[in-house]
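Rule-based calculations on the coordinates, nothing more; no lab input. These numbers were taken from a predicted model, which means no experiment stands behind them. Glycine also receives a Cβ, built like all others from the backbone with ideal geometry; neighbour counts cover every protein chain displayed.
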Amino acid sequence: MGGVDKGLVPLAGRVLIDYVIDRLGPQVETVIINANRNIERYRQFGVDVVGDQHGGYLGPLAGMLSGMRASRTAFIVTVPCDSPFLPPDLLDRLQAGLSEATRIAVAHDGKRLQPVFSMLDIGLADSLSAYLESGERKIDRWFAQHPHSSVDFSDIPDTFLNINTPEQCREVEQKIKGRSIQ
Ligand SMILES: Nc1nc2c(ncn2[C@@H]2O[C@H](COP(=O)(O)OP(=O)(O)O)[C@@H](O)[C@H]2O)c(=O)[nH]1
Ligand SMILES: [Mg+2]
């Protein structure tokens, strides 16, 4: 979207991050926003805001690592800032995929993994940091280094609907108005 800060993109009278906080907030102990720009603006949402430790826009994994380092809970749930239809049972479903041996649960849409929708043990932070330090960027290759489970969300595909173009933004706006939800 032309390099705009997507969390702050307007959608049906609110901004994208509003939808994410509304839907994820009730499921978790603390919401942490990972942002590398507009930090003060994000602080106004009343949640913790952390930037990436590794500079240079290394991709979503850098954000996951920042969340792990900032977390005061043993696990984090990660979601992208541009997905306004997160389900109310996102955390419950992901958590059901965890076990003593499986410290990562990743959402699956029925066709492929959706790795930015994950639940992760913060004890994996050092492994993730080393992976990024080694120049690797791909999320699924890092997951593959650890026992992980995939959790089926194919019954609620809107979970993964995310806004990557101005056209999608307009389409989703119509969808929200049609549903008369905020
Ligand atoms: N921390 C951090 N997050 C990133 C970076 N690049 C992308 N993201 C986040 O990763 C998520 C997915 O990014 P997006 O551009 O929508 O990718 P796509 O939808 O997978 O094509 C969004 O929440 C982005 O803010 C980065 O360099 N650092
Ligand atoms: Mg996206």
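Pull out all pairs, ordered by first then second residue, where Cβ-Cβ is under 7 Å, the residues are six or more apart or on different chains, the first lies in the range 3-23 and is farther than 11 Å from N164 by Cα, and the second is within 13 Å of ligand 1 (Cβ to nearest atom) and charged (D, E, K, R). Within 7 Å, the pairs are D5/R37; L16/K6; L16/D82. As a summary of the residue check, K111 satisfies the conditions (1) surrounded by fewer than 18 Cβ atoms within 10 Å (Cβ to Cβ); (2) more than 15 Å from ligand 1 (Cβ to nearest atom) except for the one numbered (2).
The residue of the range 69-82 that is nearest to ligand 1 (Cβ to nearest atom), among those that are under 8 Å from the mean Cα position of the chain (by Cα) and not hydrophobic (A, V, I, L, M, F, W, C), is P80. Restricting the first member to the range 133-147 and to residues that are more than 17 Å from Y57 (Cα to Cα), and the second to residues that are of a type in the set (F, W, Y) and surrounded by 13 or more Cβ atoms within 10 Å (Cβ to Cβ), the beta-carbon pairs closer than 7 Å and six or more apart or on different chains are W142/Y131. Going by what's in this entry, would S71 be described as farther than 23 Å from P26 by Cβ and either more than 16 Å from ligand 2 (Cβ to nearest atom) or not polar (S, T, N, Q) (or both)? When the stated conditions are applied, S71 does not pass them. Scanning the range 125-146 for residues that are closer than 18 Å to A107 by Cα, among the hydrophobic types (A, V, I, L, M, F, W, C) and touching a helix residue (DSSP H, G or I) at 6+ places or on another chain (Cβ under 7 Å) yields I139, W142. Residues that are loosely packed, with under 15 Cβ neighbours inside 10 Å and in contact (Cβ under 8 Å) with a residue 60 or more places away in the chain within the range 90-104 comprise just one, D92. Within the range 26-68, the residues that satisfy the criterion of being surrounded by fewer than 14 Cβ atoms within 10 Å (Cβ to Cβ) and either more than 15 Å from ligand 1 (Cβ to nearest atom) or in a helix (DSSP H, G or I) (or both) are P26, E29, T30, I39, E40, R43, Q44, G46. Can we say V4 is away from ligand 1 (no atom under 13 Å from the Cβ), out of contact with any Gly (no Cβ under 6 Å at 6 or more places or on another chain) and aliphatic (A, V, I, L, M)? The answer is no for V4.
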